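These notes concern the structure reproduced below.
The values are calculated or read from the model by the stated rules, or taken from the named source; none is laboratory data. Values in this document were obtained by computation on a predicted structure and should not be read as measured data. Cβ: placed from backbone, ideal geometry, glycine included. Neighbour counts: every protein chain shown. SASA here: full protein model, heavy atoms, side chains in, ligands and nucleic acids out. Shrake-Rupley method; radii C 1.70, N 1.55, O 1.52, S 1.80 Å.
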Amino acid sequence: SKGTFTIFSCKGMFPTSDRFSHSYFFKLLVEHSWFIPMRRIVAAFRFRFGHIFHKQFKDIMPNERFYLGGGNSIRSYETDLAPPTGEFIDDDGKPHAVPRGGKTMLNLNAELRIPVAKKAGIVLFQDLGLLNGDSFADVAMANVVAGTGFGLRFFTPIGPLRFDIGWKWKKDRPDERSFNWILTFGQAF
């Protein structure tokens with residue numbers, strides 16, 4: 001409810017042979033959160049930035065890419081489904097969005113945590129994010145995804161039970177919902 005929190009993470013793979021010199025990989029993630037009390041209300045902010053140093057996005061293993069969407073990043077999107085996404089065509093010819101991820105990730109979250117009772121509270125939130133592949137041309141305001149919403153918190157002995165619902169600022173596909181909801185334990189950050 002008061003203070004700051006910082007995470008700095010590095011992960012790398014460096015070949016020991018010239019034969020595999022093209023397969024280097026270095027992943028950097030920086031996260032910083034601020035919690036500012038204002039009487040009984042807490043303003044919470046988080047900034048996350050990540051980048052993978054590698055020649056081409058298509059050569060990065062999907063499990064190493066950065067993803068946005070879900071209960072701990074942009075709550076108005078389903079888990080890992082914030083754009084850009086890929087597309088899968090099923091046997092009936094129907095397209096489905098699939099996670100694609102990004103080489104560079106930027107994520108900003110802001111919350112107002114408001115207590116309403118001893119064991120309950122509400123949260124108003126704003127989430128922003130951006131993923132890109134090989135080109136920094138993807139870093140444009142038109143490619144920023146955002147969601148606004150509110151949530152309920154019920155404080156239990158094992159942590160807060162959290163219900164959040166967020167609405168997208170814009171839909172990317174006509175078949176997608178304009179909102180997403182989450183029911184889980186713990187704060188978003």
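Below, the figures for the structure above:
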| quantity | calculated |
| --- | --- |
| Residue ID - least open to solvent (accessible area, probe 1.4 Å), chosen from residues in region 56-69 that are over 30 Å from residue 116 (Cβ atoms) and under 14 Å from the mean Cα position of the chain (by Cα) | 66 |
| Tally of residues being surrounded by 14 or more Cβ atoms within 10 Å (Cβ to Cβ) and part of a strand (DSSP E or B) across region 93-119 | 15 |
| Checklist (1) part of a strand (DSSP E or B); (2) open to solvent by less than 70 Å² (accessible area, probe 1.4 Å) applied to residue 15, failing item | (1) |
| Any chance residue 127 is within 26 Å of residue 173 (Cα to Cα), out of contact with any strand residue (DSSP E or B) (no Cβ under 8 Å at 6 or more places or on another chain) and of a type outside the set (Gly, Ala, Ser) | no |
| Any hit, region 76-92, residues being of a type in the set (Val, Ile, Thr), over 12 Å from the mean Cα position of the chain (by Cα), closer than 26 Å to residue 185 by Cα and open to solvent by 40 Å² or more (accessible area, probe 1.4 Å) | no |
| Top-ranked residue of region 139-164 - restricted to ones that are open to solvent by 30 Å² or more (accessible area, probe 1.4 Å) and in a strand (DSSP E or B), ranked as nearest to residue 103 (Cα to Cα) | 148 |
| Some residue of region 126-138 being among the hydroxyl-bearing types (Ser, Thr, Tyr) and assigned to a strand (DSSP E or B) | no |
| Matching residues in region 23-55 - criterion: being closer than 23 Å to residue 105 by Cα, of a type outside the set (A, V, I, L, M, F, W, C) and open to solvent by 80 Å² or more (accessible area, probe 1.4 Å) | 55 |
| Set 150, 189, 88: member being at pLDDT below 95 and closer than 29 Å to residue 39 by Cβ | 189 |
